[in-house]
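**Q** Below: one structure in structure tokens.
The values are calculated or read from the model by the stated rules, or taken from the named source; none is laboratory data. Just so it is clear, the model here is predicted, and its values are computed rather than measured. For neighbour counting, all protein chains shown are included, and Cβ atoms are generated from backbone atoms with ideal geometry for every residue, glycine included. Please note that ligands, DNA and RNA were not included when accessible areas were found on the heavy atoms of the full protein model with its side chains. Shrake-Rupley method; radii C 1.70, N 1.55, O 1.52, S 1.80 Å.
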Amino acid sequence: MNGPVAYLVTTLGCLIGVAGVVVAVVALRKGRKAARPAAPADPFRDTDSDALRGDPRTLKPGDIVEIRRVSYAVRGSVHLNEGGWSWAEHLLDTVEGDKRWLSVEEDPDLELVLWTAEPAATITPGASTVDFAGRHYASEESGQARFTATGSTGLDPSGTLRYHDYRAQGGERLSFEAYGQAGWEVARGEQLHRADVMVYPQAGPEAS
């Protein structure tokens, strides 16, 4: 190969190499620019309990949850949002057919409440205080939220929920909920300790 030809080949090789580096740098910059920052983590979150006992925030239909040594299957889940504030309610069922609801909320600490329906209750919400089953409850909060439902809940896939929550001394709860145009449903709630709940996630898609 003579001198001019060799010089031309060498020059072209250098240009191709530089072009490759430029393309790689541009691609890297685009990738970094497109990457979304991770959501801020709660510095006080009990990650040890999440690792040992499972994370209630990730419950979904088909999972198994043990509450005070009673095992429940998660039949369905309802995720609610009100003005950017979100929480979840999960329909639980035992092999004997005992149905409960478990609400999971961060306010900002993780709050777990086990609910028992009171279908025979005739009281309605609205007053500042309510007496029920020998307990005196004071109004805590009320509002309207949007919901999406998955699994077997008996609800539409999405819609609205009206609610009114009361609390008694000692922390016992009383909740009124009305999905869509339905009437009020009443439930009593007991706040759980984190150690009361063990989550066993199940593989596979959410139940339908």
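**Q** Identify all residues within region 57-94 that are outside any strand (DSSP E or B), among the charged types (D, E, K, R) and open to solvent by less than 40 Å² (accessible area, probe 1.4 Å); write none if there are none. First the steps, then the outcome.
**A** Of region 57-94, the ones outside any strand (DSSP E or B) are 57-63, 68-69, 83-84, 94.
From the residues that got through so far, the ones that are among the charged types (D, E, K, R) too are 57, 60, 63, 68-69.
Once the filter is applied, which keeps residues that are outside any strand (DSSP E or B), among the charged types (D, E, K, R) and open to solvent by less than 40 Å² (accessible area, probe 1.4 Å), region 57-94 yields only D63.
**Q** Look through G97, G54 and report the one residue that is small (G, A, S), on the phi > 0 side of the Ramachandran plot and open to solvent by less than 20 Å² (accessible area, probe 1.4 Å).
**A** On the way: G97 fails: open to solvent by less than 20 Å² (accessible area, probe 1.4 Å).
After applying the criteria, what remains is G54.
**Q** In the set T122, T160, T148, which member is open to solvent by 50 Å² or more (accessible area, probe 1.4 Å), of a type outside the set (F, W, Y) and without any contact (Cβ under 8 Å) to a residue 24 or more places away in the chain?
**A** It is T122.
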